[in-house]
Structure formats: C-alpha cells, structure tokens
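Below is one structure, written out as structure tokens; the observations come after it.
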Amino acid sequence: MRITNKPILLVEDDQVDTMTVIRALKDIHVTNPLVRQENGEDALNYLRDSNNEKPCIILLDLNMPIMNGVEFLQVLKHDDLLKSIPVVVLTTSEEQQDKVNSFNLGVAGYMAKPVDYRQFVEVMRSIDTYWTISEMP
C-alpha cells in the first residue's frame, strides 16, 4: 500500500539537481508533495516542527553548506522521533568513506547522481519501487 499523501523531503542545495528530481518524480507519476530544504540544519528544523507532516522518505545530498549530509544523518539517527524515517543518499560524491559513513548511520540506500537524465529517472524509479514495497513501521 503506497503512502501517497506524505511528503518527500529533499535535502539539496543545488537548484538544477532539485529541478531534475522534481521532473523525474513527475515522469514516474509520483504525486507526493516534495518539500525541499537547502541544508541539514534547515531540514532538521523542518522535521522538528510539529506543524509539518513527517515525510515518508528523505532524499539527501551529502555535499551542502552549513550542515552536510553526514552531519545531518548523525543528528537524525540519534533522534528517537526521526530516526525511523528512511533516508536515501543521492550524491555526486565518489568518496568511499562517504558511503561507509552513510551506511554506518543507517541509510536505506546510497545512489550516485547519474549525469544522464534517463539513468536518473531509473534511479528515482528504483527508489519509488523500494519504498512502495517496503512496509512503513
């Protein structure tokens, strides 16, 4: 049973990447509202605001100003109210250590941002498929 009304939280500072995510979600007919925050600090403030609905999934860039993705994960995964939200890292980072750190911090997935748009749509489709079949707690 897909949770269609819950927002998707995109934590991404790059406007072009944001537009690409929006376009890809539209292309695969994902109708969830997309909420974008530009860095980890803003995302945590959003998540901790009880007026905001908790997202069904967080799409997280690692390379951001103020608070990067790994720092965000360190806080998120130690917060009892937030740690169960699945996080998929979407990054241009080739750093093996980033991948290790992300999985150590309990991410649901780690995907390199493909440069090719069609590949990117397939990445988004695989995230969508995963989160359609995974049961939310």
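Among the residues of the range 91-105, the ones that are open to solvent by less than 40 Å² (accessible area, probe 1.4 Å) and within 19 Å of residue 79 (Cα to Cα) come to 2 in all.
Residues in the range 8-61 that are polar (S, T, N, Q) and surrounded by 14 or more Cβ atoms within 10 Å (Cβ to Cβ) were compared, and the one that is modelled with the lowest pLDDT is 32. Restricting attention to the range 71-79, does a residue exist that is under 18 Å from residue 6 (Cα atoms), open to solvent by less than 80 Å² (accessible area, probe 1.4 Å), among the acidic types (Asp, Glu) and out of contact with any strand residue (DSSP E or B) (no Cβ under 6 Å at 6 or more places or on another chain)? Scanning the range 71-79 turns up no residue that is under 18 Å from residue 6 (Cα atoms), open to solvent by less than 80 Å² (accessible area, probe 1.4 Å), among the acidic types (Asp, Glu) and out of contact with any strand residue (DSSP E or B) (no Cβ under 6 Å at 6 or more places or on another chain). The criterion of being β-branched (Val, Ile, Thr) and more than 17 Å from residue 120 (Cβ to Cβ) does not hold for residue 21.
Pairs linking a residue in the range 101-124 that is closer than 13 Å to residue 91 by Cβ to a residue that is polar (S, T, N, Q) and assigned to a helix (DSSP H, G or I), with Cβ atoms under 7 Å and 6 or more positions apart or on different chains, are 110/102; 120/20.
The values are calculated or read from the model by the stated rules, or taken from the named source; none is laboratory data. The shown structure was predicted, so the numbers you read here are calculated from the model rather than taken from an experiment. Quick reminder, even Gly has a Cβ in these numbers, built from the backbone with ideal geometry, and neighbours come from all protein chains shown. Keep in mind that these areas ignore ligands, DNA and RNA; they rest on the heavy atoms of the full protein, side chains included. Shrake-Rupley method; radii C 1.70, N 1.55, O 1.52, S 1.80 Å.
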